[in-house]
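Visitor: Just dropping this structure here.
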Amino acid sequence: MTAQSLPIIDLENLDIDALREVTHEIGFFYLTGHGIDQRLTDDLVAAARAFFALPEADKLEIENSNSPHFRGYTRVGGERTQGYIDWREQLDIGPERAAVDPIDEARPWDVLHGPNLWPTAVPRLRELALEWSGQAQVAGLRLIRGWAQSLGAPADFFDTAFADPDPLLKIARYPGHDGSVTDQGVGSHKDVGALTLLYPEPDSSGFQVETVDRGGETAWLDVAPLPGHLLVNIGELLEVATGGYLKATVHRVLPPPAGRDRVSLPFFLNPGYDQALPTVPLPPELAAEAAGVGPDQHGGTLHARYGLNALKSRLRAHPNVTERYHRDLLDLPALRG
């Protein structure tokens, strides 16, 4: 298969049947007509490159180990997927919120609320990142409403869950290397939220989607950027809400070859941490094709309430933050496994 095997969805003229079919069968597609300003995107990528070009000491001033909310800079090799080292550096940016104190044990996800960490050496990054996130959120919410309609529900079926969402923008750089330390830029995984909008830098490579043929054989599909398009995939929350009818697909990023790098902007649109997506009452013909929902990739429970999934994921992915601030949360029954 080739990159052109992924279908294209036009958000300006949304075909809800095509939207439903592609996320039932593949889980990934290219998105055009998304409304995100290309000049803004280019400016954000340029600001990101300016940040990543800073001396390491300047970047480490906003390292995520200084944030109990998992915000800020993660150095190369500082994140884990499936327990293995990811070869990328990144900034994690969420909504600008006040920290919650004290934390109610019944709401452990409240530790994720808090302020972002911004680099003083690249001040324009803050405005650009928040504006880009806002435009991506508008596009994502239009898709969420489209999915509801495509599944036979009212367009506003998910509106309550997304009334005050908790999205996450990662600004990531993948340095090229020879594979001697790890063979993954980001290891194979499914996204834990509702959906992901990804802007991959033009002419970059390494993004792969897992495909399964009718005989059950798996293979990796290389997905190249298309100018002006985003890559979109659903996360595990929509799989849970549809009993497995919509498909959260495994994907990964390979590191660039030595001497090259890539920057990408993955934006994860999620409901509020304390929200659970309602279960969609599928029409009988769709319900008959729902595969059901199994455990997450670690063999643990997939929760309908987003905050539990998000917190479990962050605790695993960023052991430096977990060890410094949140070792006690590892003992909570809902976060085990």
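Visitor: Can you bin the stretch 200-337 into rounded, prolate or oblate? Criterion: square roots of the alpha carbon gyration tensor eigenvalues sorted a ≥ b ≥ c, rounded for a/c under 1.5, prolate for a/b above b/c, oblate for the rest.
Guide: Verdict is oblate for the stretch 200-337.
Visitor: Write down the accessible area per residue of the stretch 218-331 in Å², having rolled a 1.4 Å probe over the full set of protein chains.
Guide: 40 Å²
Visitor: Can you tell me how much longer the chain between residue 160 and residue 106 gets when fully stretched, taken as 0.36 nm per residue apart minus their C-alpha distance, in nm with one decimal?
Guide: Extending this stretch completely gives an extra 17.3 nm.
Visitor: Express in whole angstrom the spacing between the alpha-carbon centres of the stretch 38-91 and the stretch 129-144.
Guide: 21 Å
Visitor: If you roll a 1.4 Å probe over the chain with all protein chains in place, what percent of the accessible area is carbon or sulfur?
Guide: 49 percent
Visitor: Also, I was wondering about something else. Which aspartates and glutamates have a Cα less than 12 Å from the Cα of residue 170, not counting those fewer than 8 places away in the same chain?
Guide: 89, 92
Visitor: Turning to a different aspect of this structure: Please state the shape class of the chain: rounded when a/c is under 1.5, otherwise prolate if a/b exceeds b/c and oblate if not, all from the C-alpha gyration tensor.
Guide: It comes out rounded by the Cα gyration axes.
Visitor: Per residue, how much accessible surface does the stretch 6-86 expose to a 1.4 Å probe? Answer in Å², no decimals.
Guide: In whole numbers, the stretch 6-86 has 42 Å² accessible per residue.
Visitor: What does the C-alpha gyration tensor say about the overall shape of the stretch 1-133? Classify as rounded when a/c is under 1.5, otherwise prolate if a/b is larger than b/c, or oblate.
Guide: prolate
Visitor: Taking the Cα centre of the chain as origin, sum charge times position over the Cβ atoms of Lys and Arg (+1) and Asp and Glu (-1), and report the length of that vector in debye to the nearest 20.
Guide: Dipole magnitude for the chain comes out near 520 debye.
Visitor: Separate question: Add +1 for every Lys or Arg and -1 for every Asp or Glu among the other residues with Cβ under 13 Å from the Cβ of residue 43, and state the total.
Guide: 0
Visitor: Please pull out the direction-averaged projected area of the stretch 164-225, using the convex hull of its alpha-carbon atoms, in nm² to one decimal place.
Guide: In nm², the orientation-averaged hull projection of the stretch 164-225 is 6.4.
Visitor: A further question on this structure: Per-residue ellipticity at 222 nm for the chain, helices alone: DSSP H runs ≥ 4 residues times -39500 (n - 2.57), over residue total, nearest 500 deg cm²/dmol?
Guide: Estimated from H runs of four or more residues: -7500 deg cm²/dmol.
Visitor: Which net charge results for the neighbourhood of residue 144, defined as the other residues with beta-carbon distances under 11 angstrom from its beta-carbon, given Lys and Arg at +1 and Asp and Glu at -1?
Guide: Combined, the nearby Lys, Arg, Asp and Glu give 0.
The values are calculated or read from the model by the stated rules, or taken from the named source; none is laboratory data. It should be emphasised that the depicted structure is a prediction, and the values quoted were computed from it without experimental measurement. FYI the Cβ positions are ideal-geometry reconstructions off the backbone, even for glycines, and counts take in every protein chain you see. Protein only, heavy atoms only, side chains kept; ligands, DNA and RNA dropped before computing areas. Shrake-Rupley method; radii C 1.70, N 1.55, O 1.52, S 1.80 Å.
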